[in-house]
1. Between the alpha-carbon centers of segment 281-326 and segment 156-170, tell me the distance in whole angstrom.
2. Hey, can you rank 220-233, 241-254, 43-56 by average C-beta count inside 10 Å, highest first?
3. What percentages, rounded to whole numbers, describe P(r) for segment 2-144 computed over all alpha carbon pairs with 5 Å bin width beginning at zero?
4. For n ≥ 4 DSSP H runs only, could you compute -39500 (n - 2.57) per run for the chain, divide by its residues and tell me the 222 nm figure to the nearest 500?
5. Taking the convex hull of the Cα atoms, report for segment 171-326 its projected area averaged over all directions, in nm².
6. For the chain, find the longest principal axis of its Cα atoms and tell me its angle to the long axis of helix 254-263, 0 to 90°, nearest 10.
7. Short version: what are the Cα gyration tensor semi-axes of segment 154-201, square root of 5 times each eigenvalue, largest first, in whole Å?
8. Lys and Arg at +1, Asp and Glu at -1: add these up for the other residues within a Cβ distance under 11 Å of residue 323 and post the number.
Amino acid sequence: MNFDRHRRLRSSAFMRDMVRETKITKEDLIYPIFVVEKDDIREEVPSMKGVFQISLNLLEEELDAVKKAGIKSVIFFGIPKEKDAEGHGAYDDNGVVQEACRISKRLHPEILVILDTCLCEYTDHGHCGLIDPDTQDVDNDSTLPLLVRTAVSQARAGADIIAPSNMMDGFVTEIRKGLDDNGFSHIPIMSYGIKYASKFYGPFRDAADSTPSFGDRRTYQMDPANRLEAHRELSSDLEEGCDMMIVKPALSYLDIIRDVRDRSDVPVVAYNVSGEYAMTRTAVDMGLLDEAVIMEQMISMKRAGADMIITYFAKDICRMLDEGME
Ligand code: PBG
């Protein structure tokens with residue numbers, strides 16, 4: 001018989017383990033946490049079972065659980081007490097994520113803290129920047145200084161990594177300069193520069209109370225139909241000096257993750273977003289799919305080229321890894 005015997009390398013668990021090309025480790029995982037400025041709240045997000053909005057005064061318990069699970073890094077999203085048109089809460093030195101970062105650094109200094117640099121959770125209109133009264137669209141250049149202030153206050157609070165997700169043009173250049181000028185040249189920028197205008201963010205907007213009160217984000221986030229546009233965004237961000245690149249969402253955009261891997265040498269981060277979490281969580285909880293699909297999805301993102309994954313499943317994955325699943 002004259003054909004290839006591919007099954008030789010699949011013949012036993014030992015053999016399969018030996019030739020496995022992609023592995024998930026706890027170091028790959030970044031866990032998002034929603035922190036609330038009001039006291040005594042620990043509320044499950046209705047569209048994201050297993051994910052909670054947690055008050056600063058109850059954060060300790062959550063961080064202990066994160067530490068115990070073996071998660072090495074977290075990203076905080078804030079739900080401020082008050083919102084206004086300019087998103088002041090985002091660049092308040094005592095703002096909700098700045099405080100969360102300080103609490104985390106005091107309790108568990110070794111947990112890496114990433115902060116999301118955006119205004120949408122802090123503006124009363126829910127957009128990611130200042131609204132131009134004439135066009136009713138987000139104004140790029142007047143928003144940039146506020147993003148810089150946000151990033152600097154986040155670095156001052158002790159953030160290890162700044163992750164700007166606002167999709168204004170030039171944000172990496174401006175934030176890099178702002179960080180450098182304020183003594184934070186050692187803090188890396190993990191850019192969300194490839195961020196699609198996706199319906200998969202729906203549950204996040206429930207969790208962070210950040211749905212735009214009018215219009216949508218299509219004048220600043222990318223059209224899901226476009227691939228070359230991602231290449232252009234990547235080129236700009238690399239030129240502007242980003243240290244890592246996020247692709248978001250992840251599972252419907254594995255081709256884009258692969259492109260970023262092939263076209264750059266920076267670490268690539270997949271953001272397994274809220275809608276992706278909600279779909280899989282629901283299917284698993286309803287018994288329609290085996291829980292192992294969660295691991296299969298993580299493997300898929302890494303196989304596509306991701307080095308790290310921001311995922312609401314981080315705790316579940318740690319447990320599965322502890323149970324020996326691969
Ligand atoms: C802030 C931000 C969003 C997400 C992360 N950072 C919301 C948005 O752009 O609408 C979404 C994450 C998720 O869906 O899990 N701009």
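Each value in this text was obtained by applying a stated rule to the coordinates, not by laboratory testing. As the structure is a prediction and not an experimental result, all values here were calculated from the model. Heads up, the Cβs are rebuilt from the backbone with ideal geometry, glycines too, and the neighbour counts pull from every protein chain shown.
1. 27
2. Per-residue Cβ counts within 10 Å, averaged per peptide and sorted highest first, yield 241-254, 43-56, 220-233.
3. Bin by bin from 0 Å, the calculated values are 2, 9, 14, 15, 14, 10, 9, 7, 5, 4, 4, 4, 2, 1, 0.
4. Taking each H run of at least 4 residues, the total per residue is -11500 deg cm²/dmol.
5. So the Cα hull casts an average projection of 11.1 nm².
6. 80
7. The answer is 23, 12, 7 Å, longest axis first.
8. -3
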